[in-house]
Amino acid sequence: MDAEEGPTGVALFVDGPNVLREEFDVDLDDVREAAEAEGHLVTTRLYLDEHATPGLIQAAEARGYEVVVTSGDVDVKLAVDATRYAAEERAGAIAIASRDTDFKPVVETANSYGIRTLAIAPGTFGRSDALRNAATHSVTLDGDDGDD
């Protein structure tokens with residue numbers, strides 16, 4: 001990589017409690033593939049709360065996710081980690097899988113550092129239009145591409 005090119009790769013951050021809900025029937029492989037469309041993954045993290053089942057944790061790890069379990073607010077830990085990746089320019093793109101508008105400041109911060117951003121929504125129902133509109137690109141896992 002030439003020093004002038006800047007950071008490369010995609011850092012994927014998945015808001016587990018918000019995305020892995022029965023009504024969405026989201027496959028973690030689909031989430032990863034949506035992020036990989038932006039480039040090579042440099043990190044793939046799934047954030048879960050203390051109520052996550054051992055089966056979910058094992059399944060995520062088997063799919064190559066680094067699982068971060070927190071007893072506090074999942075959103076805060078994910079937001080801090082994603083913002084840090086942007087500020088430290090550890091990736092050329094930040095992908096956030098969530099329906100939560102709370103991540104809009106993370107996306108805006110990454111954009112201000114010149115980092116590409118991708119909002120991945122689990123479905124059109126409950127999708128955050130604010131998050132989608134703040135991101136450089138967006139994708140909805142039910143097939144609706146938001147780059148138009």
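Please go through the range 56-102 and give me each residue that is within 23 Å of T140 (Cα to Cα) and of a type in the set (S, T, N, Q), ordered by number. Those that are within 23 Å of T140 (Cα to Cα) and of a type in the set (S, T, N, Q): T83, S98, T101.
Within the range 84-107, can you find the residues that are over 16 Å from P7 (Cβ atoms) and exposed (fewer than 15 other Cβ atoms within 10 Å of the Cβ)? Those that are over 16 Å from P7 (Cβ atoms) and exposed (fewer than 15 other Cβ atoms within 10 Å of the Cβ): T101, P105. Sort out which residues of the range 129-148 are of a type outside the set (A, V, I, L, M) and modelled with pLDDT of 90 or more, and write them in order of number. D129, R132, N133, T136, H137, S138, T140 - these are the residues of the range 129-148 that are of a type outside the set (A, V, I, L, M) and modelled with pLDDT of 90 or more. The residues on offer are V42, V19, V31, V68, and the sole one that is in contact (Cβ under 8 Å) with a residue 60 or more places away in the chain, of a type in the set (V, I, T) and farther than 19 Å from A130 by Cβ is V31. Please tell me if T124 is modelled with pLDDT under 95 and either within 21 Å of D25 (Cβ to Cβ) or in a helix (DSSP H, G or I) (or both). Here the answer is yes, as T124 does meet what is asked. Among the polar types (S, T, N, Q), under 14 Å from V19 (Cβ atoms) and crowded, with 16+ Cβ neighbours inside 10 Å, is that true of T44? Yes.
Residue-level analysis places K77 outside the set of residues that are in contact with a Leu (Cβ under 8 Å, 6 or more places away or on another chain), touching a residue at least 12 places away in the same chain (Cβ under 8 Å) and closer than 20 Å to P17 by Cβ. Does the range 100-118 contain at least one residue that is of a type in the set (V, I, T), within 17 Å of L20 (Cβ to Cβ) and touching a residue at least 12 places away in the same chain (Cβ under 8 Å)? Taking every residue of the range 100-118 in turn, none turns out to be of a type in the set (V, I, T), within 17 Å of L20 (Cβ to Cβ) and touching a residue at least 12 places away in the same chain (Cβ under 8 Å).
The values are calculated or read from the model by the stated rules, or taken from the named source; none is laboratory data. Model, not experiment: these values are computed from the prediction. For neighbour counting, all protein chains shown are included, and Cβ atoms are generated from backbone atoms with ideal geometry for every residue, glycine included.
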